[in-house]
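Accompanying notes for the structure given below.
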Amino acid sequence: MNNPFEFGRELSDLEIVDRDQEIQEVVRTIHNRGRLFLIGPRRFGKTSILRAAAERARKEGAVVFRYNAEAYPSLTVLAERIVTDAAKELTGPIRKAGRKIQEVFGALQPQLTYDPVSDTFSATLGQPGRRTSSSGRQAEEMLLSDTLAGLNRLAGMTSAPVAVIIDEFQAVVEEGGPKAEGQLRAAVQTHDNVGYVFAGSKTRMLSEMTGDEGRPFYRLGERHFVGPVPREDFRLFIAGGFEHGGLEIVEEAIETILDLSQDVPYNVQRLAHACWNHARESSQTMSSQCVTAVLHHLVSRDDPFYTQTWNRISASQKRALHAIVYTLGTGLFSGDITRMFGLRTPSSMQAALQGLMKAGIAWENEHRGTTRYRLEDPFLAVWITLFTVPPKER
Ligand SMILES: Nc1ncnc2c1ncn2[C@@H]1O[C@H](COP(=O)(O)OP(=O)(O)O)[C@@H](O)[C@H]1O
Ligand SMILES: [Mg+2]
């Protein structure tokens, strides 16, 4: 029998716990050709929501293009992928594809190649460097907005709803800079035939991008913040998974799984997965102590990976990380706390925390008027308490 707890891949509609509201909101945006920003930390399940929504909308007749911006080495490669997919999905009979693509994407000098054996197209675009006199980068962000404009023209020729989903959207702006942000906004704002869903993990960056008056994406679309999965749903899900395998787990141990994972969906699944295997191999009833032991085993096994992360950051970032772990991430800017953790001033704490966020290690959880610093991977906190020297003992 397969372990019912899955981590690290995109879940399908049926495997997702909760998130109905989010999925419906994405589906609605696709059908209405609207604009939506889905913002939340890594490992909370944004990609799974997007995948489930895309599948649902496709079943209902929509044409959905979904991309993870982080997976493309440059905006040019992403633009070529979009033209390729557009040729495949939106041009009708193959013999017409080439002409249609020239018609709508003409400015990009697209070359379309069709491979009858694999029944696939591939598009290459004219050199972006040739398209402006200044930097190639400037040309690149034009390329993406021109590509989306072409897609909008193509979408106007079909009656089906057409939508573009860009996951880890902040990568586009990180790669293309403020110019890309402006270009994209201009494009997205004028495209009536295409719906857009943007998702991203840099929570601070994205809420500023979409919430600051001076920024191009201000009030361009609805914003939805993806929070944790409600505990009650996860409790039932974990209990169900153990029951399904004929395995025993006490209620308190389920709570321990959720506590140690800080309700982060990826970590909940990962720890539940390991506990399920342990229960099966040992024929033991899972208790809270067992769960803790399984987690310690897990982080010890991942020690090389955590050591790498630890060695990669600066001395003051290590201090700030200790502060997050031992204070549970609040009150970090008080004089006492900064001193206790060996940082000279609140502003050096601030700088170190910025660094940790940029490195994808920490994030700011803003909730009901307070800010709490949290780790993207809650198990890193466990590794830190097990294997690094706490500040008081130094
Ligand atoms: N709603 C959910 N129900 C159950 N598990 C989830 C859920 N959301 C996320 N997960 C777990 O987290 C993992 C990562 O989810 P993913 O969608 O890739 O998150 P993100 O895109 O926000 O980083 C999934 O493989 C799964 O194990
Ligand atoms: Mg993702």
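The values are calculated or read from the model by the stated rules, or taken from the named source; none is laboratory data. From a predicted model like this one, the values you see are computed outputs, not experimental measurements. Using ideal geometry, Cβ is built from the backbone for each residue, glycine included, and neighbour counts are taken over all protein chains shown.
Quick notes
- Residues that are of a type outside the set (A, V, I, L, M) and surrounded by fewer than 23 Cβ atoms within 10 Å (Cβ to Cβ), drawn from the range 168-182: GLU168, GLN170, GLU174, GLU175, GLY177, PRO178, LYS179, GLU181, GLY182
- Residue satisfying all of: in the range 185-196; within 23 Å of the chain's Cα centre (by Cα) and modelled with pLDDT of 90 or more; farthest from ligand 1 (Cβ to nearest atom) among these: VAL194
Yes or no, residue by residue, for (1) in contact (Cβ under 8 Å) with a residue 12 or more places away in the chain; (2) surrounded by 14 or more Cβ atoms within 10 Å (Cβ to Cβ); (3) under 17 Å from PHE5 (Cα atoms):
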{"position": "TYR266", "(1), (2), (3)": "yes, yes, yes"}
{"position": "GLU281", "(1), (2), (3)": "no, no, yes"}
{"position": "ALA351", "(1), (2), (3)": "yes, yes, no"}
{"position": "MET357", "(1), (2), (3)": "yes, yes, no"}
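- Matching residues in the range 324-347 - criterion: being in contact with a Gly (Cβ under 8 Å, 6 or more places away or on another chain) and not β-branched (Val, Ile, Thr): PRO346
- Filtering the range 267-317 to residues that are out of contact with any strand residue (DSSP E or B) (no Cβ under 8 Å at 6 or more places or on another chain) and not in a helix (DSSP H, G or I) leaves SER283, GLN284, SER287, ASP302, ILE313, SER314.
- Of the criteria (1) touching a residue at least 12 places away in the same chain (Cβ under 8 Å); (2) of a type in the set (S, T, N, Q); (3) surrounded by fewer than 22 Cβ atoms within 10 Å (Cβ to Cβ), which one SER201 fails: (3)
- Hits in the range 4-25 - residues which are within 16 Å of ligand 2 (Cβ to nearest atom) and either modelled with pLDDT of 95 or more or under 13 Å from PHE44 (Cβ atoms) (or both): GLU6, PHE7, LEU11, ILE16, ARG19, GLU22, ILE23
- In the range 30-120, counting only helices (runs of 4 or more DSSP H) that sit wholly within it, the ones holding 1 or more residues that are closer than 30 Å to TYR266 by Cα span 46-59, 75-90.
- ALA199 meets each of the listed conditions (1) modelled with pLDDT under 85; (2) within 16 Å of ligand 2 (Cβ to nearest atom) apart from (1).
- Among the residues of the range 45-65, those identified as away from ligand 1 (no atom under 12 Å from the Cβ) and in contact with a strand residue (DSSP E or B) (Cβ under 9 Å, 6 or more places away or on another chain) are ALA54, GLU55, ALA57, ARG58, ALA62, VAL63, VAL64, PHE65.
- Residue match in the range 112-122 (condition: over 29 Å from the mean Cα position of the chain (by Cα) and modelled with pLDDT of 85 or more): yes
- Residue match in the range 355-365 (condition: modelled with pLDDT under 95, among the charged types (D, E, K, R), under 23 Å from the mean Cα position of the chain (by Cα) and under 28 Å from GLU255 (Cβ atoms)): yes
- A single member of VAL172, VAL188 is within 16 Å of ligand 2 (Cβ to nearest atom), closer than 18 Å to ALA149 by Cα and either aliphatic (A, V, I, L, M) or in a loop (DSSP other than H, G, I, E, B) (or both), and it is VAL172.
- Given (1) assigned to a helix (DSSP H, G or I); (2) within 24 Å of VAL162 (Cβ to Cβ); (3) among the aliphatic types (A, V, I, L, M), number of the condition LEU14 does not satisfy: (2)
- Annotation note: of VAL250, VAL188, the sole residue that is outside the structural domain of SER48 (by TED's automatic domain parsing), on the phi < 0 side of the Ramachandran plot and β-branched (Val, Ile, Thr) is VAL250.
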